[in-house]
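The values are calculated or read from the model by the stated rules, or taken from the named source; none is laboratory data. None of the values given here were measured: they were computed from a predicted structure. Here Cβ is always computed from backbone atoms with ideal geometry, including for glycine, and neighbour counts include all displayed protein chains.
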Amino acid sequence: MSGTVQEPGAAKAAPGPIVAGGMLFAVGALLFAQALALAGERGYAPSGPGLAPVIVTGLWVLVSLGYLAESIRNRAVPTEGGGSWRTPLLLLAALIVYALVLKYTVTGYVLATAAFVLVTARTLSTRPVREVVVRDLAVAVGLSVGIYLVFTRLLGIVLPAGVLPL
Amino acid sequence: MSSLSSLLDGFASVLSPQNLLYAAIGVTIGTLVGVLPGIGPALTIALLLPVSLQLDDPTGTLIMFAGIYYGAMYGGSTTSILLNTPGESASVATSIEGYQMARRGRARAALATAAIGSFVAATISTVLLAFVAKPMADLAVTFRASDYFALAVLAMVTVTAMVGASLPRGLMSLTFGLFLGLVGIDSLTGQARFTFGVPELLDGVDVVTVIVGLFAIGETLYIASRLKDLPAKVAPLEPVKGGFAWLSRQDWARSWPAWLRGTLFGFPFGALPSGGAEIPTFLSYTVEKRRSKHQGEWGKGAIEGVAGPEAANNASFSGVLVPLLTLGIPTSATAAVMLAAFGYFDLSPGPQLFEKSPDLVWALIASLFVGNVMLLALNLPLIRVWVKVLQIPRPLLYTGILVFATLGVYAVSGSVVDVLIAYAIGVLAMFMRRFDFPIAPVILGLILGPMMETQFRRALLLSDGDLSVFVTRPLTVTLLGLAVVALALPHLPKVWARLRGGDAQRLSFAEDD
Amino acid sequence: MLRRTLVVAIPALLLATTACAEQSVGDPNAPAGSAVAYPAKTLQIMAPAGAGGGWDTTARTMQQALQGAGLLNGQSAEVRNVTGAAGTIGLAELVTSHKADAHQLMVTGLVMVGGVVTNKSPVDLSQTTPIATLTAESEVIVVKSDSKYQTLKQLVDDVKADPASVKWGGGSAGGTDQILVGLLAKAAGADAKTVAKQYIAYSGGGETKAGLLSGDISVAVSGTSEFADLVKAGTVRALAVSSAAGGDAGLGTPTPSIKESGYDLELMNWRGVVAPPGIGDAEKTAVIAMIDKLHSSAQWQQALTDKKWTDFYRTGAQAATFFADESTRIKAVLTEIGLG
């Protein structure tokens, strides 16, 4: 597939628009196939559930081809600097761990959130730990305890209490 | 009951201490999120939904949400003028001349014309709303499925016609939204579509989940990918050093016609499907520039360039409420979340809303007046406070956004799967920002797609499969005809400009958040 | 430095906490025989739908009445929302993650019985421990006031003559309203499948009303409370209610029931409570005893009046039989109209 073509200037970490276009096309094709299977089962009747998925995913495939064409036409134009993918990946990992810890462990909202705030603020910060650690700690504790108390005591929304005797 | 007496009843209800408090909370939060980067009115309302449900007061909650919408506009104009960083797209036009005024030591005049202009525009357009809403609702009672389908087509066409710089990217965003709208149980037949065996997907993807993913998670991940370009702190800017006059006599004279013209652009464009605030603000900017007797000042801080777009911006909100309240059709991302909020309270906007909950509707409309008075009082004197807000360290701000985003989804659904879906959409949104895809069409596709499909199929089921139902009803035909006009309309300025030999500025559809 | 520490610390924390989680699961071998002190810890009431809906309101009303009447043995009660798929997501969670935990109750109802069938849910109500049914709302069949139909019989006669001639409208596909249409067609001896095909699903009461008033549909089916104001205003006419005996549909005078109109059919949109599977008899008795006291408490009775809920109370074996019977007949009718 043409999606594997690398634009000359984009040998950095970031994938270029052509790769993105190729992936969009591939995903679109998969979804289109699924839509066809559904329509095969339920029919293409305009009043039935089968037609709209075929139209939308078909449109997806066409538009992704249009985008791919646009990207190839513009490939000489340098895209903005690649940016780093390390920080977003770390953030995403932190988010997923946070959600799983909240749901599947007895850590509780306050501890999990405080830990998440510390990790995330550190990941996003460019300043040395020493300068901001006290501030970050204060925000972590304040935010997590504050949210927990407001939600559970004032609003009656249940958040996992966890191991802390709150 | 006439609109006027209903409106007076609305005032009576809004002026209760509790509702005044809701309005005050709303405009304060709204101004705050308008000033802050990375968080806009749509996201804020989405995150406040679980909280508001516990309050069990639909009227108060909706008054608060309307306050957030308005407040965010005021907040957005503040940052546009002082920092040249429009917090939302509708403020982009304001920032062009507004920032120049601030650089030349006329920040206070710019802020004043923006605030007073917003107030004037909001007042006039709310009166218009009050008088248009009821007749519109009465008309909407007669709307049949085929008419709603034609309306959805009209809305969809205007969205696609204004998808921004690149047609493929705009359409891709829209298509993604349409696809998200397909996920789940088909409402008419119970058939599951694109659920990939995940039971949590049977109900479809909730608009709150999508908004949290697109805006909160997506924006934060994107910022994280370009951390090096991000200043650790906002440049300390303190333009409001003493000795400023408010508006001079000449400023007033130049501002008020621009306010009125801006209002006239804002209201109808807001009321049109997919109107939103971007088009009228830029239209107002263009018209003011063309009419101005002070051509030499443009680009160096012409006050009309602030007065007009800000008025248009605020007037558009009352316009947005017309189709939202009378037809249940949202024309912007924020309106889409407000529609969801109605749904959570088991209220369906549409003609029945005026019959079933007139108190709520009129209190909401009256609250717009009250909210604007509050904003006027809140913004000009407290401008230093809002500038301070901008100095929240970015790492903590974005961390906070992630915490509230996770909480918002988790508290609504109690499901970790929904949280993970929001994260996944956030990852996609990060790439969308990276490759310059517009975000707002995703939400409009998510809302309008199912509306269009459902009404189309309902109309066919009702006519026993006879397609002529779409060409025999005069109202349906008229609306479909308007859709054709809307398809051609955005190209008219280009054609016009080319005929006059000038430069074409294409109307474009940008972020609504 | 800090980052590396955290990378190590988080998985460790995770392990430690999951270990705790396993220990804290309720003890299935609770002392049998003698009366159990119940609840012995915080009572969790799950509303398997979003905040604001009927199940959520039921759960929160239970919570308030239990606390108000002091029935919690000094403990407290919490309400949790688990949204999705007509409650079957919450049902799956109750059955799989809370096995044998008598402190996890879940609100349920007719909609979930239908949802299990239409969503092809792998778990169903028979896998729970039935506790009680609590409330119910009758359905109403309405037409516009200028409609030619004055009685249910006239309508049904037309439907029997030509099933495609009448367009029905109501809530989502496979929900209570469509179930009623299917059951009515069956009871009247009409072609249920064709009749169900004439059913247009709307996303809520407001949309259904708009569809009826604009003339899109000729008959609307909904909960009685939804159309009461329009019936009272004379905009629509109630042809029949679905309770056993006739009832008030908004006029203040009783509207005849479907049964009284000559069709052997009764359908209530009921709500009840279930507990997870694997609960010991003593604990089950204790839960039922608590719900019994809840039902007779002044707080609950007041809530019934305030919220215009019909009392629909049955417990234990009676409730179990009811759940089973409803599941059988709903599954049958949904399968017949092609939604099963």
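Things worth noting here:
- Complete set of residues in segment B:170-189 that are out of contact with any strand residue (DSSP E or B) (no Cβ under 9 Å at 6 or more places or on another chain), over 9 Å from A:Val63 (Cβ atoms) and within 7 Å of another protein chain (Cβ to nearest Cβ): B:Leu178, B:Phe179
- Looking only at residues of segment B:426-436 that are more than 9 Å from chain A (Cβ to nearest Cβ) and surrounded by 22 or more Cβ atoms within 10 Å (Cβ to Cβ), we find that the one that is farthest from B:Gly218 (Cα to Cα) is B:Met432.
- Here segment C:127-172 is the region considered, the condition is being among the basic types (Lys, Arg) and surrounded by fewer than 17 Cβ atoms within 10 Å (Cβ to Cβ), and the residue that is farthest from C:Ala286 (Cα to Cα) is C:Lys148.
- Among the residues of segment A:117-139, those identified as in a helix (DSSP H, G or I), without any contact (Cβ under 8 Å) to a residue 24 or more places away in the chain and not acidic (Asp, Glu) are A:Leu118, A:Ala121, A:Arg122, A:Val129, A:Arg130, A:Val132, A:Val133, A:Val134, A:Arg135, A:Leu137, A:Ala138, A:Val139.
Listed here are the residues, each with its yes/no results for (1) closer than 18 Å to B:Gly181 by Cα; (2) among the charged types (D, E, K, R); (3) within 14 Å of chain C (Cβ to nearest Cβ); (4) not in a loop (DSSP other than H, G, I, E, B).
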{"site": "A:Leu36", "(1), (2), (3), (4)": "yes, no, no, yes"}
{"site": "A:Val61", "(1), (2), (3), (4)": "yes, no, no, yes"}
{"site": "A:Ser64", "(1), (2), (3), (4)": "no, no, no, yes"}
{"site": "A:Ser84", "(1), (2), (3), (4)": "no, no, no, no"}
{"site": "A:Leu90", "(1), (2), (3), (4)": "no, no, yes, yes"}
{"site": "A:Val101", "(1), (2), (3), (4)": "no, no, yes, yes"}
{"site": "A:Leu111", "(1), (2), (3), (4)": "no, no, yes, yes"}
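- Residue selected from segment C:122-135 under the condition within 28 Å of C:Ala220 (Cβ to Cβ) and polar (S, T, N, Q), by the criterion farthest from the other protein chains (Cβ to nearest Cβ): C:Thr133
- Residue in segment C:85-103 that is within 11 Å of chain A (Cβ to nearest Cβ), at pLDDT 65 or above, over 30 Å from B:Ser187 (Cβ atoms) and in a loop (DSSP other than H, G, I, E, B) present: no
- Matching residues in segment C:65-81 - criterion: being at the interface with another protein chain (Cβ under 10 Å from one of its Cβ atoms) and either over 17 Å from C:Gly272 (Cβ atoms) or at pLDDT below 80 (or both): C:Glu78, C:Arg80, C:Asn81
- Screening C:Val333 with (1) out of contact with any strand residue (DSSP E or B) (no Cβ under 7 Å at 6 or more places or on another chain); (2) at pLDDT below 85; (3) farther than 22 Å from C:Pro130 by Cα; (4) loosely packed, with under 15 Cβ neighbours inside 10 Å gives one miss only, at (4).
- Filter result for A:Val106 (within 8 Å of another protein chain (Cβ to nearest Cβ) and either basic (Lys, Arg) or outside any helix (DSSP H, G or I) (or both)): yes
- Leading residue by the ranking (surrounded by the most Cβ atoms within 10 Å (Cβ to Cβ)) among those in segment A:122-136 that are within 11 Å of chain C (Cβ to nearest Cβ) and closer than 19 Å to B:Tyr222 by Cα: A:Thr123
The rows are residues; the columns are (1) buried (at least 22 other Cβ atoms within 10 Å of the Cβ); (2) more than 14 Å from every other protein chain (Cβ to nearest Cβ).
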{"site": "B:Leu375", "(1), (2)": "yes, yes"}
{"site": "B:Asn379", "(1), (2)": "yes, yes"}
{"site": "B:Leu390", "(1), (2)": "no, yes"}
{"site": "B:Val412", "(1), (2)": "yes, no"}
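- Residues of segment C:213-241 that turn out to be in a helix (DSSP H, G or I) and among the acidic types (Asp, Glu), as a count: 2
- Residues that are closer than 30 Å to C:Ser97 by Cβ and either facing chain A (nearest Cβ under 10 Å) or not in a helix (DSSP H, G or I) (or both), drawn from segment B:400-410: B:Leu402, B:Val403, B:Phe404, B:Ala405, B:Thr406, B:Leu407, B:Val409, B:Tyr410
- First in segment B:451-466 and touching a residue at least 40 places away in the same chain (Cβ under 8 Å), second anywhere and among the hydroxyl-bearing types (Ser, Thr, Tyr) and surrounded by fewer than 24 Cβ atoms within 10 Å (Cβ to Cβ), Cβ under 7 Å, 6 or more apart: B:Thr454/B:Ser187; B:Arg457/A:Ser47; B:Leu461/A:Ser47
- Of the residues making up segment C:238-264, those that are crowded, with 19+ Cβ neighbours inside 10 Å and among the aliphatic types (A, V, I, L, M) are C:Ala238, C:Leu239, C:Ala240, C:Val241, C:Ala249, C:Ile258.
- Criterion applied to B:Leu448, B:Leu479 was being on the phi < 0 side of the Ramachandran plot and modelled with pLDDT of 85 or more, and the one residue passing it is B:Leu479.
- Filtered residues of segment C:281-294 (kept if surrounded by fewer than 19 Cβ atoms within 10 Å (Cβ to Cβ) and not hydrophobic (A, V, I, L, M, F, W, C)): C:Asp281, C:Lys284, C:Thr285, C:Asp292, C:Lys293
- Of the helices (runs of 4 or more DSSP H) entirely within segment C:136-212, those holding at least 1 residues that are within 14 Å of another protein chain (Cβ to nearest Cβ) occupy C:176-188, C:192-197.
Yes or no, residue by residue, for (1) assigned to a helix (DSSP H, G or I); (2) modelled with pLDDT under 75; (3) within 14 Å of another protein chain (Cβ to nearest Cβ):
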| position | (1), (2), (3) |
| --- | --- |
| B:Leu247 | no, yes, no |
| B:Gly266 | yes, no, no |
| B:Thr286 | yes, no, no |
| B:Lys300 | no, no, no |
| B:Glu310 | yes, no, no |
| B:Thr326 | yes, no, yes |
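- Here C:Lys293 does not fit the description of being touching a residue at least 40 places away in the same chain (Cβ under 8 Å), within 14 Å of another protein chain (Cβ to nearest Cβ) and not hydroxyl-bearing (Ser, Thr, Tyr).
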